[in-house]
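Following: one structure in structure tokens, then a few remarks.
The values are calculated or read from the model by the stated rules, or taken from the named source; none is laboratory data. Just so it is clear, the model here is predicted, and its values are computed rather than measured. Positions of Cβ are backbone-derived with ideal geometry, glycine not excepted, and every protein chain shown enters the neighbour counts.
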């Protein structure tokens, strides 16, 4: 068997990394955060849209001056977006980035 065939016998380096247990764990950790956070945010956004369409009296209720419930919900949408982004950055820094760096170093060390 030639060196070229041996090098690609198990697939490309990227395919080998993708099949590795470490990469699968990295994907699991990412999905463990991303899927629930996405579902929660979409449910929260859908609540805002539904209430804006069908609970007009509640959403139009004045809270302080010209500020009504709908405006507060809208601003909370922005706040929740920034909160999720901040939480993801913390999650990635603590649980994803170190593992991704190890995988990258392992790939660079194999001579590709």
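Here are some notes:
- When residue 48 is tested against (1) touching a residue at least 40 places away in the same chain (Cβ under 8 Å); (2) farther than 30 Å from residue 100 by Cα, exactly one condition is not met: (1).
- Residue within the stretch 44-64 that is modelled with pLDDT of 95 or more, under 30 Å from residue 92 (Cα atoms), exposed (fewer than 10 other Cβ atoms within 10 Å of the Cβ) and out of contact with any strand residue (DSSP E or B) (no Cβ under 8 Å at 6 or more places or on another chain) present: no
- Annotation: of all residues in the stretch 93-112 being touching a residue at least 24 places away in the same chain (Cβ under 8 Å) and under 19 Å from residue 32 (Cβ atoms), the one that is surrounded by the fewest Cβ atoms within 10 Å (Cβ to Cβ) is 102.
- Residue match in the stretch 29-37 (condition: at pLDDT 95 or above, within 32 Å of the chain's Cα centre (by Cα), surrounded by 13 or more Cβ atoms within 10 Å (Cβ to Cβ) and within 24 Å of residue 109 (Cβ to Cβ)): yes
- Put simply, of 83, 26, 87, 76 the only residue that is closer than 30 Å to residue 106 by Cα and surrounded by 13 or more Cβ atoms within 10 Å (Cβ to Cβ) is 26.
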